[in-house]
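Bear in mind that the values in this text are calculations on the coordinates, not laboratory data. The model shown is predicted, which means the values in this text are computed figures rather than measured ones. Here the Cβ positions follow ideal geometry from the backbone for every residue, glycine too, while neighbour counts run over all protein chains shown.
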Amino acid sequence: MSAPRNPVAIVTGGARGIGAAVAAQLARDGHAVAVLDLDEQVAADTAAGIVAAGGRAIAVRCDVADEAAVTAATDRVVAELGAPTVLVNNAGVGPAADLTEMTVEQWDHMLGINLRGHFLVTRAVVGHLVAAGWGRIVNISSISALGDEGRSHYSSAKAGLLGFTKSLALELGRHGVTVNAIAPGFIVSDMTAASARRLGRSFEEHQRLAAASIPVGRAGRPEDIAHTASYLVSPEAGFVTGQVIYVAGGPVD
Ligand code: NAI
């Protein structure tokens, strides 16, 4: 089957940062976009910005770790925009904790959002992609999947997403659905601003230090990830599936 003429995309964690840039780019590419986020107000502002720029978007409050909320949110997307054929699993949290001090609650919270949440949203949506005989799923992992001192729970979730991605690529290819992962390096966002605060640095200093160890000599921007996602969800990317694309300003593995 071929790509739908008026595609609907869901971007989780789409209110700010990488997700907001992805949502805006997919709208420019011609998708009606559902901005799913825990933060309803910022999601509404992001959706309004897309509409003001001539796109189609709605904001939907959703905690991706809550099964019932995910079902309700995806039902709302279908009712208001139509059946989705594109899903970008981007919602995530990234607090640090050394293993010796990590509580079970911290571990479960991290895995609940950054891995289980992606499973819940994908499971809720995938039937629409299969029914259309065409679909695109992009999972936002991280270079932290390769190891991240002081964030073993985050690293484990992000590495788990790579197995999730490859397994779904095997399961869904025959239905015309591709599944890929993007593994960003250091990207300027609220998440990396929080890391700077934790380390007692100004965000400018934090970015300067990060850039010094990045081969292309700069920190990443949310748009760097948005452009990669734009390609992966395009009709032209139909022979690319089960891949991990490191968007990190240099080779990492
Ligand atoms: P951010 O903190 O700026 O934005 C994350 C968004 O996810 C927020 O709008 C937040 O409200 C939402 N969110 C958090 N928990 C949620 C939940 N339970 N349900 C629904 N929405 C929820 O973060 P950023 O930097 O834009 O990160 C986006 C993704 O990219 C995350 O998965 C992150 O792990 C990943 N990433 C970020 C990198 C960076 O350097 N900023 C590097 C590698 C990966």
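Observations on the model:
- The C-alpha atoms of the chain define a longest principal axis, and helix 17-28 lies at about 30 degrees to it.
- Centre separation in Å (Cα based) which lies between segment 39-93 and segment 216-253: 22 Å
- For the peptides 74-87, 230-243, residues were scored by their other Cβ atoms within 10 Å and the scores averaged per peptide; the highest-first order is 74-87, 230-243.
- The length gained by stretching the chain between Asp98 and Val252 to full extension, at 0.36 nm per residue less their Cα-Cα distance, is 53.1 nm.
- Cβ-defined net charge surrounding Ile187, 14 Å radius [Lys, Arg +1; Asp, Glu -1]: +1
- Max-minus-min Cα coordinates of segment 176-253 on each principal axis give 48, 23, 18 Å, with the largest extent listed first.
- Within-13-Å neighbourhood charge of Leu146 [Cβ basis; K, R +1; D, E -1]: -1
- Most mobile of Ile214, Ile18, Ile225 in a GNM of the chain (Cα contacts under 10 Å): Ile214
- Under 5 Å from the amide H of Val179 lie the amide H atoms of Ile137, Gly242, each residue being 5 or more positions distant or on a separate chain, with H modelled from the backbone and absent for Pro and chain starts.
- Charge sum, other residues only, whose C-beta stays under 15 Å from Val33's C-beta, Lys/Arg counted +1 and Asp/Glu -1: +1
- Legend: P(r) of the chain from all alpha carbon pair distances, 10 Å bins from 0, whole percents, reading 8, 32, 38, 18, 4, 0.
- The chain, helix-only ellipticity at 222 nm - DSSP H runs n ≥ 4, -39,500 (n - 2.57), divided by all residues, nearest 500: -14000 deg cm²/dmol
- Between helix 222-232 and the chain there is an angle of about 40 degrees, using the helix long axis and the longest principal axis of the Cα atoms.
- With respect to the chain, whose longest principal axis is taken over its alpha-carbon atoms, helix 117-132 is tilted by about 30°.
- Each residue of segment 195-204 was assigned a 3J(HN,Hα) from its phi angle through the Karplus expression (A = 6.51, B = -1.76, C = 1.60, θ = phi - 60°), giving 5, 4, 4, 4, 8, x, 10, 6, 5, 4 Hz with x at Gly and Pro.
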